[in-house]
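Note sheet for the following structure.
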Amino acid sequence: AEGAALFRTLYPAWCHNPASLLSMCLVAQAYEHAAELVMQFASLEITLPFLLQIDKLVQLVESPIFTHVRLHLLEPEQHPHLLRALGGILMLLPQSPAFHTLQARLAAVPELGIFRLQLEA
């Protein structure tokens, strides 16, 4: 409850920067909202500064502060929106080092969990 209140307090300040807001959603484990944000990014003008911010976000996902996010990728059935959010980021990125880093991370997601998700859909 305390974390949710902090999230709601910070949200208005962070919503002015899409990449920052997305990173906050990932840290807060608000994966469903993160996935919705990524889908809305398609309606934004994809500029170089935006891509550079997303590139930095991918680097952050590989950092210790995001260990819990990476570990949640081991449980795709419990965190399908996380997969959707990170997969959406992958589709926004041009083929670059960040693209290949995220692609490799998503390739490590257990295939059995993804298969179960597809069966449930």
Selection from the range 32-55 of residues that are open to solvent by less than 60 Å² (accessible area, probe 1.4 Å), closer than 19 Å to Q103 by Cβ and not charged (D, E, K, R): A34, A35, V38, F41, L51, I54
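Any chance you could count how many residues in the range 96-118 are open to solvent by 50 Å² or more (accessible area, probe 1.4 Å) and modelled with pLDDT of 85 or more?
Residues flagged as open to solvent by 50 Å² or more (accessible area, probe 1.4 Å) and modelled with pLDDT of 85 or more within the range 96-118 amount to 8.
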List pairs: first in the range 65-84 and under 14 Å from A28 (Cα atoms) and open to solvent by 50 Å² or more (accessible area, probe 1.4 Å), second assigned to a helix (DSSP H, G or I) and modelled with pLDDT of 95 or more, Cβ under 6 Å, 6+ apart or cross-chain? H81/Y31; H81/E32; H81/A35
For the range 1-25 the number of residues that are within 16 Å of I46 (Cα to Cα) and outside any helix (DSSP H, G or I) is 2
Quick count over the range 1-31, residues being free of Cβ contacts under 8 Å to residues at least 24 places away in the same chain, open to solvent by 50 Å² or more (accessible area, probe 1.4 Å) and out of contact with any helix residue (DSSP H, G or I) (no Cβ under 6 Å at 6 or more places or on another chain), is 10
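The values are calculated or read from the model by the stated rules, or taken from the named source; none is laboratory data. Please read these numbers as outputs of a predicted model, since none were measured by experiment. Neighbour counts are summed over all protein chains in view; Cβ atoms, including those assigned to glycine, are modelled from backbone coordinates with ideal geometry. For accessibility, only protein heavy atoms count, side chains too; no ligands or nucleic acids. Shrake-Rupley method; radii C 1.70, N 1.55, O 1.52, S 1.80 Å.
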